[in-house]
Each structure stands twice: as structure tokens, then as C-alpha cells.
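Please treat every number below as a calculation from the coordinates, not as lab data. Predicted model, so just to flag it, every value in this text is computed and none were measured. Note: ideal-geometry Cβ built from the backbone for every residue, glycine included; neighbour counts use all protein chains shown.
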Amino acid sequence: MLDNTDMHIIDELSKNSRITMKELGVKVHLTGPATSARVAKLEDSGIIDGYTIKINQVKMGYTIHAMISIITNSPNHEPYLTFLNAQNEFVINNYKISGDSCYLLECKFPSTKELDEFLMGLTMHVNYKLSIIINK
């Protein structure tokens, strides 16, 4: 069971996972070693599953952010999944979902040319509905 201090630690690490244990300790009112022990406990229990970075896709040259609802043509999804593996430069996430679609595909593209080429290849395997992200 998590207490308020654990929740505060998780909140602070979510904001900045590169914070030192001493700085984190000041924020959660613990010593550095006590904070480090708490974080280790959260990691060992699997509550903290890892640390990551946030990438600015626009600054990386990917100005088009798309969500694509995927409707498969057959129960065999392997051709679609194989196509995605070959296009991993553009794929951010591929969620298997329930509802009107089989998958929700999140992608990034540097231009409409690459988006169009991707969609042309995609139509060989599935039907889709495209949505472009305008603003976050």
C-alpha cells in the first residue's frame, strides 16, 4: 500500500526523473538515503517500472502527428504487424483495442509525402480512418 510520501515521490519523479535523491528528499521531507530507500522499494515492487525521456517530435522534424483507427480485413493480423515493423520510423504506438476498430495507431511523419506513402502501403493490409492531431 502506498502512503502519501510514496505518492509524492512518484509525482516528483514523473515531473523530473533525473532529480537527485538529495533534491527529491528535500521535496518530500526525507533525507537523501531515506528517499533512495523508498525509491528502491518502489522499483523492487514494480510500481516504478522504468525511467524514460520525452522527445519533442516537431524539433526532430516530425511535424505531422496522426492517429489512425485500423480495421483489419481478416482475422490474420500478421501482414499488418509485419508492415508496421518495417515502418517503425513513423510508428509511436500501436494499441490493440476493442470497439469499432482493431488497433489505434499513433504515428509521426515529417511531411504529407511520407504520410501518403505510408497510407498507400497500409491499404494493402487494412482499412483505416485517419485523424491528424491539430493541438495537444
With springs only between Cα atoms under 10 Å apart, run a GNM on the chain and tell me which of Met21, Met124, Met60 wobbles the most. Met21
FRET efficiency for Lys136 and Ala37, using Cβ-Cβ distance with R0 set to 25 Å, rounded to 0.05: 0.10
Evaluate the charge dipole of the chain about its Cα centre and quote only its size in Debye, nearest 20, assuming +1 on the Cβ of each Lys and Arg and -1 on the Cβ of each Asp and Glu. 400 debye
Mind sorting out which of (i) 49, 45, 22; (ii) 58, 34, 24; (iii) 127, 27, 24 is the real Cα extents along the principal axes in Å computed from the coordinates? (ii)
Okay, helix-only estimate at 222 nm for the chain: each DSSP H run of n ≥ 4 adds -39500 (n - 2.57), divide by all residues, round to 500 deg cm²/dmol; what do you get? -11500 deg cm²/dmol
Using +1 on the beta carbon of Lys and Arg, -1 on that of Asp and Glu, and nothing else charged, what's the dipole of region 4-44 about the Cα centre, debye to 20? 140 debye
With 0.36 nm assigned to each residue of separation and the Cα-Cα distance removed, Thr5 to Thr20 gains 3.8 nm
Of Val126, Tyr95, Leu13, which is farthest towards the positive pole of the chain's charge dipole, taken about the Cα centre with +1 and -1 on the beta-carbons of Lys, Arg and Asp, Glu respectively? Leu13
